[in-house]
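Notes follow the structure.
The values are calculated or read from the model by the stated rules, or taken from the named source; none is laboratory data. A quick note: this is a predicted structure, and the numbers were derived from the prediction, not measured. Cβ coordinates were reconstructed from backbone atoms using ideal geometry, including for glycine residues, and neighbour counts include every protein chain displayed.
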Amino acid sequence: MIKQFYKSLKTIGSIGFLWCMLLGYSPSLLAENQQRLVSGTVTDESGMPMAGVNILIEGTNRGTQTDFDGKYSIETVNDTSTLVFSYVGFVTQKIVVNNQDTINVSLKEDLAALDEVVVIGYGTSNKRDLIGSVTQLNSEDIEDLPVASVDQALVGQTAGIQFRQTGNPAGGPQVLIRGISSLGNNAPLYVVDGIPLTSVSNSGDNFLLNNINPADIESISVLKDAASKAIYGNRASNGVIIIKTKQGKKGKTQFNANVYSSIGWTQDFDRPNNLNAVEMAIFQKERLEDRYLFNGAWGGLEQAHYTRIQDYIAAAENDPALAKGTDWFDEITRTSVTTDYFLSASGGSDNIVFNISGGFRDQEGVVIGTDVKRLTLRANVEANLTDWLRAGVNIAPSFVTNNSAATEPNSGGYSAYNAVNASYWVDPTAPVYDEFGNLTQSTHGVLSRVNFAGNPVPFGSGMFWTANPVFKILERVQQSKTNTFNMSAFLEVSPLKNLSFRTTANVNYRNRSTFNYTPKTLPLDGLTPDITGRPNSGSSASSGNTTNFILDNQLTYINTFNDVHNVEATFVASLERRKGDGLNISASNFVDEDFIFPSFGNTSTDNINNFQGAYSLDEINRLSYLGRASYNYDSKYYLSTSYRRDASSKFSSQSRWGDFYAVSAAWRVSEEKFWEPLKNVISDFKIESGYGITGNDAGIGNFASQGNINSTNYILGGAQVRGYALVALPNNNLTWEESEELNFGLDIGLFNMFNLEVDYYDITSKGFLGNTTIPTATGLGGIIDNVGSIQNKGWEFNLTTRDLIPSQDFSYSFNANATINKNEVLELSGDDEFFIGQAGNGTRFAVVREGDPVGLFRGFKILGFYSQEDLDNPDVAKYPQAVVGSPKVFDGNGDGVIEFSQEDYVDLGDPNQDLIFGMRHNFAYKNFDLSVLLNGAIGFDIYDQRSQQMHNLDGQFNVDRAVFENRYRPGVPTDIIIPATGNLPNGAIIEAREETPLNSISVPTTKQNTTRYWRSPNSYHIKAADYLWIKNITLGYNFDKNILGENAMVSRMRLYASAQNPFVFSKYKLGSPEVQKNSDNLVRGVNEGSYPNAATFTLGLNITF
């Protein structure tokens, strides 16, 4: 059919040519007689007019350029002439005039050219000539992702990075680059427009990257290997993330407005699968009946509780609302609304360019009472003052207000009392509001413990209680405000053609204030607190200021000799000084409860500690000298080296200087002559290798090496006096953590459509900053020292594509990445292992051990459930209280006896992922575009520590549905009739039933003294958590000139809809597979009940005019 079509075209062309000949004309003569004026407009793919585009008549030296509006006109053109449209970074187009007076052109960005410029430390590099493992995302990679902070845009799009996160609107993810490399802070170094951010953590309301508007971002570069990151020396061992904001471009001023609104809801996997009120009543009834079978009798309080249960079940039969009770998780969550507004102006002339922007974000969390409001402003201006002098300034203030709630586990370990965790287990019969419409103070309900008079008591039969989670969120105040001001100014002198000197001054000022108030009416944290409240109200306020000043002086030389010898050298002297101070005050036992702010005049004078205050000072200074030199021969042979010498005031004068360096080399084999026959298939092939040493000093305080003296009390002359004591020894030999890294890489281009990057790395991190114990006779707990080492080995794969389906109307491309990382603890100071992770039973559920990965889970290994044959067999290890249906526990220490202690704990699981991957698919059809972003991981486990209440079989907590439906119950041969008593006026009947078959259960018996093995760390609660997560689906429509009109004020308009976190496919069904623990860098993959994740739907509009 195609051949027939081609043949028809040839026939039509031949007929046309013969017709011209018969008339005595030739096509060329016709064209030569039709000279004309051609005009038009040149835009980019988004419809933005392009200034300065070159238009040339092919084969001549005649041409013109587009003006600021992208318009052009060119004279004396004939119909056979070809116009050539060219612009740096865009694909050149050739168009035959062919009897046209108007030719409008849309230039496509040249992806190969765009990839050439990558932001690296203290400069940029041509992507083709870059040595080292660097991944860069540009603004178009993140523009449709409704993320609150820029690092969230890296999820699924960057190899070598692991993410863990919650849905907290003010929190950030935990980010690991190439594995755990420290016992302390493992967060990468973030550098924003040349300013290193200090103390970046994922803390719930103190995440520094929340102060940066993602819409302001031009690019994000992730520096992963020593060759690329060693230039940052003393803070680079965890990797470096460089964020560059948008700069102005020459041309007519363009305004861009982007507004979107989102609604969010909790994911199903975060919703507890617990019992409603009547189900919980039935569970407690059945548990009491089984207890009667085990003990042969009930106590008085048990009888009274059974009666209340009977009455509740009877009343609920005809009352659906009573049967359902309170869904506490529903009560503390909501459908959230987020609005985001952004406006920017960008443009410039030959001598000055600018980009000015402002944005406002109002984001509700899916937990009631939580929200974030952010206002950001930014102005970037650069000017060519003369031919040899450039200057620029970047000003960026931001203002963030965060209202948070008690939604996270305690920093020290597991907590059942935070509002989210409490919503899983508290009494579903307890009301949220009393009969007057006021919030109740506690979760004490019908199924909760009471004495014979009906008053709450901590003993007896029934459920525990705690503060009403809704009351806890809404009546307590937890607010923080963070105001930042970043300013960077530079002056660049170019005295010679290839030499430039740049001096840059950076100032980062940050003010953070907090206010917290807890009313007297809020019960204390606990399992059976006073339901009327606490002894005293209390509030606290703090204000802290931090100023970071950095002065960089940079000399750069770039030159090419004989067109093949390319040389670049950079030398920098850097000075950094960070100073901070803080004021904290707290007050309790208010005289006037209506005045909630801390004030000495409003506190009771009976105790001087009712009002307290403290003032603190902090300072750190750094001095650095660094250099980098690179050479390549004709983009074929490469050599690069860097060296940095750092001094930090964190260490003593004897050891504060550190040396960090890297060397790398590469060979582009595809440029060799022998490769020519392969170029049509393997268009590019480069081999590279690098070695280097980087450092880290984030694991200690600014004065830790100097020891510590605290105030204390002494007895002198029979009286107590105030004095001071040494509590931590100084260590003059304390110095940097160091990471020694070897990297090998391949860059492979295939068919001019695929580009594959493969990296292998081997990193040994040593000299961890940590505490070393010393003899107790000294009276001191320990000394900060350099201890231990960890090794990370792995592979990274990154595949990018373009123009996979060549079509005028349809295009498709995708990017994919995968990472395999293995870590191993090589050495520890003192013992060869230590335990981490606080469990609810007081034990530690994870271990750091020489020869193993970091943070292996440990606990009781459950082999099944004891049968009568097991109990009768003396060779089967057991505990004295075991009965049929009790958890069958592996004898961990092999002594033949099961003890309720860590002695029988064994390794059970690994939270470290074997493989992580991500992929983004991009489709376009005419004016429509569609992108799909996903990520996932394989080969890791999660410990569900919520099981300490959700699988508590003692009737004190609401439980997982599996406990209700799949537990063991002993058989009852005949009905057991329990006579009435004063506490059991209706008596009771335990009906005959069959014993539950052991092969049909997944949960053991509720017999007392055996259930503690089930709720403690054990193998049943450690689950495989492989997952595939569709992170984002975005569908957009671009309105072109045909719709908007040629003379419309709006040059580009795009309407888009986006679904964030819409689908998760996982083996793990009990929460997010990316579960995050906020406070511990080494404890990973533990679900303790934290802020739920949100799925969101976003509708947005982007307009350029």
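Looking at segment 125-133, can you tell me whether even one residue there is under 27 Å from ASN256 (Cβ atoms) and surrounded by fewer than 24 Cβ atoms within 10 Å (Cβ to Cβ)?
There is at least one residue in segment 125-133 that is under 27 Å from ASN256 (Cβ atoms) and surrounded by fewer than 24 Cβ atoms within 10 Å (Cβ to Cβ).
So which residues in segment 1035-1047 are surrounded by fewer than 10 Cβ atoms within 10 Å (Cβ to Cβ) and in contact with a Leu (Cβ under 9 Å, 6 or more places away or on another chain)?
none
Just wondering, is there one or more residues in segment 1048-1068 that are under 30 Å from GLU833 (Cβ atoms), modelled with pLDDT under 90 and either surrounded by fewer than 20 Cβ atoms within 10 Å (Cβ to Cβ) or not hydrophobic (A, V, I, L, M, F, W, C) (or both)?
yes
Determine whether GLY233 is more than 25 Å from TYR643 (Cβ to Cβ), outside any strand (DSSP E or B) and of a type in the set (Gly, Ala, Ser).
No.
Select from segment 609-636 the residues that are within 17 Å of TYR661 (Cβ to Cβ), in contact (Cβ under 8 Å) with a residue 60 or more places away in the chain and either among the aromatic types (Phe, Trp, Tyr) or outside any strand (DSSP E or B) (or both) and list them in ascending order.
TYR631
Pairs under 7 Å by beta carbon, first residue over 30 Å from LEU1055 (Cβ atoms) in segment 34-47, partner of a type in the set (Val, Ile, Thr) and modelled with pLDDT of 80 or more, six or more apart or different chains?
Qualifying pairs under 7 Å: VAL38/ILE74; VAL38/VAL97; VAL38/ILE103; SER39/THR102.
Of all residues in segment 261-273, how many are buried (at least 20 other Cβ atoms within 10 Å of the Cβ) and either touching a Cys at 6+ places or on another chain (Cβ under 7 Å) or not in a helix (DSSP H, G or I) (or both)?
The qualifying residues number 4.
Could you grab me the full set of residues in segment 139-177 that are in contact with an Asp or Glu (Cβ under 7 Å, 6 or more places away or on another chain) and farther than 25 Å from TRP265 by Cα?
Listed by number, the residues that qualify are SER139, ALA159, GLY160.
Hey, can you tell me all the residues within segment 266-325 that are within 42 Å of the chain's Cα centre (by Cα) and among the acidic types (Asp, Glu)?
Hits for segment 266-325 are ASP268, ASP270, GLU279.
Being modelled with pLDDT under 75, surrounded by 11 or more Cβ atoms within 10 Å (Cβ to Cβ) and of a type in the set (Val, Ile, Thr) narrows it down to one of THR764, THR773, so name that one.
That would be THR773, the only listed residue that is modelled with pLDDT under 75, surrounded by 11 or more Cβ atoms within 10 Å (Cβ to Cβ) and of a type in the set (Val, Ile, Thr).
Any chance segment 386-399 includes a residue that's buried (at least 17 other Cβ atoms within 10 Å of the Cβ), among the hydroxyl-bearing types (Ser, Thr, Tyr) and over 30 Å from GLY167 (Cα atoms)?
No: segment 386-399 contains no residue that is buried (at least 17 other Cβ atoms within 10 Å of the Cβ), among the hydroxyl-bearing types (Ser, Thr, Tyr) and over 30 Å from GLY167 (Cα atoms).
Are there any pairs with C-beta distances below 6 angstrom linking a residue in segment 493-511 that is crowded, with 16+ Cβ neighbours inside 10 Å to a residue that is charged (D, E, K, R) and assigned to a strand (DSSP E or B), with the two at least 6 apart or on different chains, and if so which?
Once the first residue is crowded, with 16+ Cβ neighbours inside 10 Å and sits in segment 493-511, its partners that are charged (D, E, K, R) and assigned to a strand (DSSP E or B) give SER500/GLU492; ARG502/GLU492; THR504/ASP552.
Name the residues in segment 683-706 that are over 18 Å from TRP736 (Cβ atoms) and surrounded by fewer than 16 Cβ atoms within 10 Å (Cβ to Cβ), would you?
Passing the criteria: only ILE687.
Would it be correct to say that TYR1013 is of a type outside the set (Val, Ile, Thr), more than 38 Å from the chain's Cα centre (by Cα) and surrounded by 21 or more Cβ atoms within 10 Å (Cβ to Cβ)?
Criteria not met by TYR1013.
Inspect all residues belonging to segment 708-727 and state whether any of them is in a loop (DSSP other than H, G, I, E, B), surrounded by fewer than 18 Cβ atoms within 10 Å (Cβ to Cβ) and either touching a residue at least 40 places away in the same chain (Cβ under 8 Å) or aromatic (Phe, Trp, Tyr) (or both).
No, there is no match, as no residue in segment 708-727 is in a loop (DSSP other than H, G, I, E, B), surrounded by fewer than 18 Cβ atoms within 10 Å (Cβ to Cβ) and either touching a residue at least 40 places away in the same chain (Cβ under 8 Å) or aromatic (Phe, Trp, Tyr) (or both).
Any idea which residue in segment 432-455 is farthest from ASP525 (Cα to Cα), counting only those that are under 43 Å from the mean Cα position of the chain (by Cα) and outside any loop (DSSP other than H, G, I, E, B)?
That would be TYR433.
Counting only residues that are at negative phi and in a loop (DSSP other than H, G, I, E, B), how many does segment 865-889 have?
Residues in segment 865-889 being at negative phi and in a loop (DSSP other than H, G, I, E, B): 14 in total.
State whether one or more residues within segment 366-383 are closer than 30 Å to ASN274 by Cβ and either among the small types (Gly, Ala, Ser) or without any contact (Cβ under 8 Å) to a residue 60 or more places away in the chain (or both).
yes
Residue by residue through segment 274-297, note down the ones that are part of a loop (DSSP other than H, G, I, E, B) and modelled with pLDDT under 95.
If the condition is that a residue be part of a loop (DSSP other than H, G, I, E, B) and modelled with pLDDT under 95, then GLY296, ALA297 are the ones that fit.
Looking at segment 459-492, which of its residues are over 30 Å from SER423 (Cα atoms) and surrounded by fewer than 16 Cβ atoms within 10 Å (Cβ to Cβ)?
Selection gives ALA489, LEU491.
Search segment 598-618 for residues being exposed (fewer than 14 other Cβ atoms within 10 Å of the Cβ) and among the hydrophobic types (A, V, I, L, M, F, W, C), and hand back the single one that is nearest to TYR637 (Cα to Cα).
LEU617
Would you mind stating whether ILE693 is under 24 Å from THR801 (Cβ atoms), outside any loop (DSSP other than H, G, I, E, B), under 34 Å from the mean Cα position of the chain (by Cα) and of a type outside the set (Phe, Trp, Tyr)?
no
Taking segment 650-690 on its own, how many of its residues are closer than 14 Å to SER640 by Cα and part of a loop (DSSP other than H, G, I, E, B)?
Residues flagged as closer than 14 Å to SER640 by Cα and part of a loop (DSSP other than H, G, I, E, B) within segment 650-690 amount to 0.
For the structure I just gave you, tell me whether ASP759 is of a type in the set (Asp, Glu), within 31 Å of the chain's Cα centre (by Cα) and assigned to a strand (DSSP E or B).
Judged against the criteria, ASP759 is a match.
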